[in-house]
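Notes for the one structure printed next.
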Amino acid sequence: DAGVTQSPTHLIKTRGQQVTLRCSPKSGHDTVSWYQQALGQGPQFIFQYYEEEERQRGNFPDRFSGHQFPNYSSELNVNALLLGDSALYLCASSSPGRIGNEQFFGPGTRLTVL
Amino acid sequence: GQQLNQSPQSMFIQEGEDVSMNCTSSSIFNTWLWYKQDPGEGPVLLIALYKAGELTSNGRLTAQFGITRKDSFLNISASIPSDVGIYFCAGRDTGKLIFGQGTTLQVKP
């Protein structure tokens, strides 16, 4: 049973550029959440996608956008990158309809903005 | 952003010792979770708590959901070297998770 997968594992960009990160959920899960984890901090919620729509959003600017595809996979896009966007970006999948449903995390994408 | 207060920030213990860490919040949560994160990995779910006062075990790990629903603690008994890592508490607020800052655990063989 494949868990949550993310690509790429590492990425280096320069300020002002745009980046797209990808996530495939755990088999049987239909909901994808994205988190940003700065060094030495706990993950911060960015947004959650269900049925191809953004269902909930954290305190992140509009430069952060996302998409969910019919196969439940998801993308996170960040425009006009800032140095402060350097972080580990985590994707988590879940299935709200299930009892005891919780979020399972992927290994993350390490983004470095120079 | 909103975070939970987790303590201690770090711990350095001898193998075989018991460990206790806790998490407090100014807000009420209906679900408390404990995750462990190893370097270069995503957080892995250890224990989920759904009811105030609930005490749940997973092997050598035991966690409790505080009566006030504003706190939780995690105990690890008879620590071993592979317990090394960062432990995060999280409260679930509708669909999103609110995380603590983490407790870094180091175990000396």
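Every read-out reported here was derived from the displayed coordinates using simple, explicitly stated rules and does not represent laboratory data. These numbers were taken from a predicted model, which means no experiment stands behind them. Here the Cβ positions follow ideal geometry from the backbone for every residue, glycine too, while neighbour counts run over all protein chains shown.
Here are some notes:
- Evaluation of A:S7 against the conditions (1) without any contact (Cβ under 8 Å) to a residue 60 or more places away in the chain; (2) under 11 Å from the mean Cα position of the chain (by Cα); (3) surrounded by fewer than 20 Cβ atoms within 10 Å (Cβ to Cβ) shows that the sole unmet condition is (1).
- Within the stretch A:46-114, strands (runs of 3 or more DSSP E) holding 1 or more residues that are under 10 Å from the mean Cα position of the chain (by Cα): A:64-68, A:74-78, A:87-94, A:109-113
- Cβ-Cβ contacts under 8 Å between residues 6 or more apart (or on different chains), taken from a first residue in the stretch A:49-78 that is away from chain B (no Cβ under 14 Å) to a second residue that is outside any strand (DSSP E or B) and of a type in the set (A, V, I, L, M), are listed as A:R63/A:A80.
- Residue satisfying all of: in the stretch B:85-109; without any contact (Cβ under 8 Å) to a residue 24 or more places away in the chain and surrounded by fewer than 18 Cβ atoms within 10 Å (Cβ to Cβ); nearest to B:F29 (Cα to Cα) among these: B:T94
- In the stretch B:40-61, of all residues being closer than 17 Å to B:G102 by Cα and touching a residue at least 12 places away in the same chain (Cβ under 8 Å), the one that is surrounded by the fewest Cβ atoms within 10 Å (Cβ to Cβ) corresponds to B:L45.
- Single residue of A:C23, A:C91 found to be out of contact with any helix residue (DSSP H, G or I) (no Cβ under 8 Å at 6 or more places or on another chain), buried (at least 20 other Cβ atoms within 10 Å of the Cβ) and facing another protein chain (nearest Cβ under 9 Å): A:C91
- Selection within the stretch A:27-45 - assigned to a loop (DSSP other than H, G, I, E, B) and either surrounded by 21 or more Cβ atoms within 10 Å (Cβ to Cβ) or in contact with a Pro (Cβ under 9 Å, 6 or more places away or on another chain) (or both): A:D30, A:G42, A:P43
- Flag if B:I67 is assigned to a loop (DSSP other than H, G, I, E, B), away from every other protein chain (no Cβ under 14 Å) and free of Cβ contacts under 8 Å to residues at least 40 places away in the same chain: yes
- Checking each residue in the stretch B:9-41 for being of a type outside the set (A, V, I, L, M, F, W, C), more than 13 Å from every other protein chain (Cβ to nearest Cβ) and either at positive phi or in contact with a strand residue (DSSP E or B) (Cβ under 6 Å, 6 or more places away or on another chain) (or both) picks out B:Q14, B:E15, B:G16, B:S20, B:N22, B:T24.
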